[in-house]
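One structure is given below, encoded as C-alpha cells.
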Amino acid sequence: MDPLSVSALVTLLSKIFDGTTDKVGEQLWDNLTSVVRRAFGRRSTSVEAAKRLGERPGDPDSIRALADALIADSARDPQGAVQVRHWLAQAERAIAQDEAVRNTVTGNVHGNVVQARDIHGDITF
C-alpha cells in the first residue's frame, strides 16, 4: 500500500472543502472523522485537528494541521495508518468519479454543439 503523504492529504482535503464535491465531499468528511475516531481514539491529535477543521471548513492552516496530525498518528499506529490509507484510496476514487464529465445532448439540434468540461476563454465557430 502506498505511504501516506501530507501533500496527498492536503490536496484531497482541499477538494472536499472547496465546494466542488458537494454531497460526495460531505460523505467523505463524515467517513474520515469516523475513521479517525475509530483508528486513533477520541483524544488523538487527528481528532482534535479534525474538530478544528470542522469548525473552520476549508481553512488552509486547519487542512494542513489535519494532514500533519494524520501522518503523525499513522506513524505511531500502523493499524490506524491502514485505515487512513483505505479511506484515502476510497476518497480519491469517489472524487474522480464525481469529477467525471458527462455530456448529454437530446432532441433535435440545429447548429453547433460543444461538449466540454472546463473552458477558459472564448469559443468561436
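The values are calculated or read from the model by the stated rules, or taken from the named source; none is laboratory data. Bear in mind that the values here come from a model prediction, so they are computed numbers and not experimental data. FYI the Cβ positions are ideal-geometry reconstructions off the backbone, even for glycines, and counts take in every protein chain you see.
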With the condition kept exactly as written, say whether any residue in region 43-62 is over 15 Å from the mean Cα position of the chain (by Cα), at pLDDT 95 or above and of a type in the set (A, V, I, L, M, F, W, C). yes
So, first residue in contact (Cβ under 8 Å) with a residue 12 or more places away in the chain and surrounded by 17 or more Cβ atoms within 10 Å (Cβ to Cβ) in region 35-50, second residue polar (S, T, N, Q) and assigned to a helix (DSSP H, G or I), Cβ within less than 6 Å, six or more apart or across chains; the pairs are Val35/Gln83; Val36/Ser46; Ala39/Gln83; Phe40/Ser46; Ala50/Thr33
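Results for (1) polar (S, T, N, Q); (2) surrounded by 15 or more Cβ atoms within 10 Å (Cβ to Cβ), shown as yes or no for each residue.
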{"position": "Ile71", "(1), (2)": "no, yes"}
{"position": "Val82", "(1), (2)": "no, no"}
{"position": "Ile95", "(1), (2)": "no, yes"}
{"position": "Thr106", "(1), (2)": "yes, no"}
{"position": "Val114", "(1), (2)": "no, no"}
